[in-house]
């Protein structure tokens with residue numbers, strides 16, 4: 001297996017609706033929200049973990065192709081496919097169940113997506129601190145949901161912390177292409193997974209309105225770095241324009 005090239009795909013993700021990707025509630029004070037979002041412990045800013053993006057895109061590809069695995073992982077009884085013939089495994093890799101099994105490394109490296117320094121409003125571009133200055137908690141909103149008893153009509157409120165709609169995150173995906181790979185298949189499946197994610201949701205409470213996102217086409221950047229780039233024999237090439245039509249709309 002020999003590296004042929006790397007595609008560096010970057011841009012911005014916009015929260016169409018509030019995003020609720022859960023973190024630990026260990027630090028929540030009495031009277032705080034029931035479900036908090038994951039935050040950078042140093043900056044206290046919420047972010048979208050690369051594991052959440054990658055895991056969701058993989059599972060949606062498996063649903064598209066009907067290749068969800070029967071791998072048991074703790075309480076999870078329907079885990080990822082480990083069949084290397086499945087397209088999701090060819091893009092996102094598979095784990096070896098036994099010592100003599102062949103493992104396929106993931107071709108897609110999905111980075112954590114952090115809040116953009118500049119956010120966009122109807123009036124123009126503002127700093128993230130100005131954009132989030134009126135939120136309930138630092139950088140987040142608190143959404144109250146109510147469970148109603150079907151017989152007594154008694155209400156049980158609960159609070160969900162979300163990154164508010166309109167927030168923008170910087171994303172980066174690195175696609176590794178090796179000599180044994182079909183480059184077109186990998187690229188097609190990656191962009192298909194991104195489109196599937198746009199038409200689904202990320203994080204929790206997706207069936208109740210949370211987690212809708214979109215990849216912003218006008219922020220897209222695609223650079224390709226061949227093997228020679230890493231031998232200091234060639235510059236990277238900007239190929240953004242030829243990928244505009246494949247990018248999710």
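Considering region 218-239, and only residues there that are assigned to a helix (DSSP H, G or I) and over 17 Å from residue 176 (Cα atoms), the residue that is nearest to the chain's Cα centre (by Cα) turns out to be 219. Taken over region 157-176, residues that are within 15 Å of residue 143 (Cβ to Cβ) and part of a strand (DSSP E or B) amount to 7. Taken as a whole, the condition of being over 13 Å from residue 189 (Cβ atoms), at pLDDT 90 or above and either more than 19 Å from the chain's Cα centre (by Cα) or in a helix (DSSP H, G or I) (or both) applies to residue 59.
Checked across region 169-180, the condition of being within 27 Å of residue 106 (Cα to Cα) and out of contact with any strand residue (DSSP E or B) (no Cβ under 7 Å at 6 or more places or on another chain) holds for at least one residue.
Exactly one residue out of 112, 189, 179 is within 27 Å of residue 94 (Cα to Cα), crowded, with 20+ Cβ neighbours inside 10 Å and in contact (Cβ under 8 Å) with a residue 24 or more places away in the chain, and it is 189.
Would you pick out the residues in region 155-210 that are at positive phi and modelled with pLDDT under 95?
Within region 155-210, 203, 205, 209 qualify.
Only one entry in 133, 102, 143 is surrounded by fewer than 16 Cβ atoms within 10 Å (Cβ to Cβ) and touching a residue at least 12 places away in the same chain (Cβ under 8 Å), namely 102.
The values are calculated or read from the model by the stated rules, or taken from the named source; none is laboratory data. Just so it is clear, the structure is predicted and the values come from calculations on it, not from any experiment. When we count neighbours, we look across all protein chains shown, and the Cβ atoms used for this are built from the backbone with ideal geometry, even at glycine.
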